[in-house]
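The values are calculated or read from the model by the stated rules, or taken from the named source; none is laboratory data. Quantities reported herein were computed from a predicted structural model and do not represent experimental measurements. Note that we place each Cβ from the backbone using ideal geometry, even for glycine, and neighbour counts take in every protein chain shown.
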Amino acid sequence: MRAAEQREYDWYFRASFGPVSRTVFLMVHDRELAEDITQEALYRMLRHWRTVSGYERPEAWVRRVAIRIAVRELQRRAARADKERLAQPVAYDDLPDPDVARAVAELAPMQRAAVVLFYWEDRPVHEIAEVLSVSESTVKQHLYRARHRLATLLGEGVSDHAR
Amino acid sequence: MPVEDRLRQGLEANATSFSPHGESRLAQVHHRRRRRTGAVTASLGVAAALLAAVVVQAVPGWSPRSTPPAAGDCSPVRGHTAPEEDSMDKRTIVAAATVAALASACDPAGGTSRNLTGDPEQGSSSTTVPTLPERGGWEREVTAKQGRELGVPARTVRRLAGDDGVLALGFKLQQGTFTIWTNDDAGRPTAWDYGGYTFERGHGLELTTVSDRCPSCTTTLTWHTIGGDVVFDSVHRTRYDALADWLWQGRWDYQAPS
């Protein structure tokens, strides 16, 4: 990799690492894992840098890769035996809002991703659909179900204007 | 409280409690890349040696020394004659140039209190390109109604303009960087976006974001002045055009340095 390319890559790394790992953290609730996943996505960007650097938004590519890795990781964890999961408890009480973290953790992996992208990153539905490789109506369905499940778990209401 | 608001507040609180260690991870990525490149090179070397051995074994009487390369057989390696930046578009060149100045200040953890430093000549190096001064700043207010009319998502308008429907904004150029800020709930100025800037011909101003808002996004504005005030006439951004229009487009009142 040439020096100019490396400088450019390093800049994208620094600019993307914080935001992407925070988003992933809201999904997986594990600081180390969130950083590992983001690092993996950024490493893949480095391997494909010649191609990715030509894209209009390289950081969007990294975000998509990181979220897909996170979803797969959550699906893998969900498939594990209960005993194995209990061996690695998540310290929700260390978070400023443990109730929201616990409630989000109750959602299915794709619902978690949709909720985090919609409510934290403020992404429009069509962009979420692109990131998750599903249709817009599927995203809306994920959000609808997640909202109602979260309302029950958090003891809150669902507002009328919510999509 | 509606679950949507509860969720936004909770996610924001939890996300901001997490400070990632980006720099150490960057070093790890480069280390892994070097190891992989080294391993691939070594594998290719071994494969080439094995292949050469097989060829020597398979062709009796032939050895590498029996057919030395011709003296003039030194054709250039394809691709090495192209300039280094050929594959980069204008956006990435501007970003890379800005980044060189801002790299030390690009804190991946985000936040509003970083001390950006840059090349002080960056914004005012040419006498043929009109520029704005790096002294003082500009302020303005926009309303929620304007935002909605421009097509900014309703939830973004609500979040930014709050209950009173008015968003106070400030804008400043300093040492080759731009900052646009808003007031938080307690009325304290909070950086909304920041990064490098360059003035272009024809009263153009190109902003390259380095904040978490939209890393590497560029916003291109055309401007003119009325007295000390500046008016941004047209705004083009690589993302969130409507939001950029709402925040930037229109007249900004000059505020002399205090």
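Couple of notes before you dig in:
- Matching residues in the range A:1-53 - criterion: being of a type outside the set (D, E, K, R), more than 7 Å from chain B (Cβ to nearest Cβ) and more than 14 Å from the chain's Cα centre (by Cα): A:MET1, A:ALA3, A:GLN6, A:TYR9, A:MET45, A:HIS48, A:TRP49, A:THR51, A:VAL52
- Criterion violated by A:GLN88 - all others in (1) at pLDDT 90 or above; (2) loosely packed, with under 15 Cβ neighbours inside 10 Å satisfied: (1)
- Tallying residues that are under 19 Å from B:VAL235 (Cα atoms) and part of a strand (DSSP E or B) within the range B:150-167 yields 1.
- Selected residue (only one of A:ARG50, A:ARG44 is at pLDDT 90 or above and surrounded by fewer than 23 Cβ atoms within 10 Å (Cβ to Cβ)): A:ARG44
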